1. Hey, rough spin-label estimate for residue 26 and residue 121, points 7 angstrom out along Cα→Cβ, what's it come to in nanometres?
2. Among 125, 120, 15, which comes first, second and so on when ranked by fewest other beta-carbon atoms within 10 Å?
């Protein structure tokens, strides 16, 4: 299936990947790095490293696990967004967010996705977050079937 998206800009989405699992980081980088719409500019294995990567690269998008060593994904998101210049943040978790954090803890994230559905929900979610309704913008396509790892 090919999903057509109208992007805010013609350049790839500068993305930082954050997960405490090295295996998950490798899989995400392999999957998203194969798509021309993503430019993986950084990776981090903890909340502290995520903040460092954000400061250095100022990405458009951060895809981050909610449960991280040293500082959880919610706290990292809140710190990134507190100055009003934060990136789009997609938090992901294997667990229902209510079990991981309090009811209002995820309010700073743009989207929360279940890791079990990541391969089916991430591309449509990024499409929605980075699409604009006005005509005249560049159109990019993401071939979901080629993107699966």
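Any read-out appearing in this document is the output of simple, stated calculations on the displayed coordinates, not a laboratory observation. Everything quoted here is computed from the prediction, not taken from an experiment. Reconstructed Cβ throughout: ideal geometry from the backbone, glycine too, with neighbour counts over all protein chains shown.
1. Simple spin-label model gives 2.6 nm for this pair.
2. 120, 125, 15
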